[in-house]
Amino acid sequence: MERSPSTSRILPGAGTIAARTLVLRRNLTQPGPLRKVFFGIASFLTTCTLAICGYMLAGWSFLDALYMVVITVFGVGYGETQPVNTPLLRLFTIGVIIAGSISVVYTVGGFVQLLTEGELRQVLETQRMTREISELEGHTILCGFGRMGQILAEKLKDAGQSFVVVDADDERISDAVALGYLVFNGNATDEFALEAAGIGRAKVLATVLPDDASNVYITLTARGMNPDLIILARGEFPTTEKKLKLAGADHVVLPPTIGALRMAHLITHPASLDFLDRNDGSSTINELLANLNLRMDELTIPANSGLAGRAVEDIEVRGRGMFVVTALRRANGEILNPLDGTEILEMGDTLIVVGHRRDLPQFARHFALKRQMQYRGNRTR
């Protein structure tokens, strides 16, 4: 991920293939530089043909007429093979000079525009993305746009989350541009790339490169640049998890381990998983719990709550079976799980609870809890 105060350095090569393909398509199907080139060449040939015919009508030979047209149009200035001594012939020659010069300039201009328009379009697109990235706040930086990165980007887009894709591969960057994502073409292990992606203002960084060493280095670099950043890291091998944690990752995802556990559950508990996944297999936590008429929620304890200073077991007793406290997140970010019930709640702590869908809001209102957020996918019926 990258962030750069200089638009001349931002997004180097971003969208190169897509931009060039777009330019070529427009050149062939719409009025543009290619059409100007064809029109200029046609005008030049027409001017030369009419000029040769005009001189031949004045009694000149074809070769003399052709020679006169060439030295006239291109301004060579050699002497005429035949005298231009009548007013009509002189006016005709002036017309040949003007028409020929205009057609040549028009043709050359079309060629120049044809060569430079793609670069200009790319510069404008780069400036637009740079401006939009500089305006982001609390966004996600997605390092890597491979298979896992593409799925993650799609889910973030569906959830309405702002994010920036960082990848060093031109083809993958072009794919991201085609999907309308904000991108930075660069190596995410480079501090400049992370700076350009707005790491100082970002909330989350997800590094999902298939190379563990790169993910460790990105995590280490990002943590040093933004200590408050939430870092999610991908690991291919279980031995990498400890390294990623030491480098500063808040959460480590091991796709092979997750896949293996999923397959094991399909073997050992096929009926249960079929029941939970009977919709589309991609349900969120609350969508799965909804099948059991339950939901998971986060309840934050503000300063004015009557629950501050009480034990977790008191909360469950007062809840009268409405929910179960599954974990407690302290204000400093520490997660307590499992709980023995004797933990004392403090201002800013967050209870992670699972309970009946209609009972949780009632309990939260009764004890003036601040409901921080609900897991995506929750629907109240």
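For this structure, a couple of remarks:
- Contact map, the range 238-262: residues that are over 21 Å from residue 220 (Cα atoms) paired with residues that are small (Gly, Ala, Ser) and surrounded by fewer than 16 Cβ atoms within 10 Å (Cβ to Cβ), Cβ distance under 8 Å, separation 6+ or inter-chain. No pairs are found.
- Yes/no for residue 235 being touching a residue at least 24 places away in the same chain (Cβ under 8 Å), small (Gly, Ala, Ser) and farther than 22 Å from residue 125 by Cα: no
- Condition broken by residue 369, with the remaining ones in (1) under 24 Å from residue 251 (Cα atoms); (2) at pLDDT below 80 satisfied: (1)
- Matching residues, the range 247-294, being modelled with pLDDT of 70 or more and crowded, with 16+ Cβ neighbours inside 10 Å: 247, 248, 249, 250, 252, 253, 254
- Checking each residue in the range 107-153 for being under 17 Å from residue 203 (Cβ atoms) and modelled with pLDDT under 85 picks out no residue at all.
- Contact map, the range 308-322: first residue assigned by TED's automatic domain parsing to the domain that holds residue 347 and charged (D, E, K, R), second residue at pLDDT 65 or above and surrounded by 14 or more Cβ atoms within 10 Å (Cβ to Cβ), Cβ cut-off under 7 Å, separation 6 or more or different chains; pairs are 310/345; 316/325.
- Summed over the range 295-337, the residues that are of a type in the set (A, V, I, L, M), assigned to a helix (DSSP H, G or I) and at pLDDT 70 or above give a count of 2.
The values are calculated or read from the model by the stated rules, or taken from the named source; none is laboratory data. Keep in mind the model is a prediction, meaning the values are calculated, not measured. Reconstructed Cβ throughout: ideal geometry from the backbone, glycine too, with neighbour counts over all protein chains shown.
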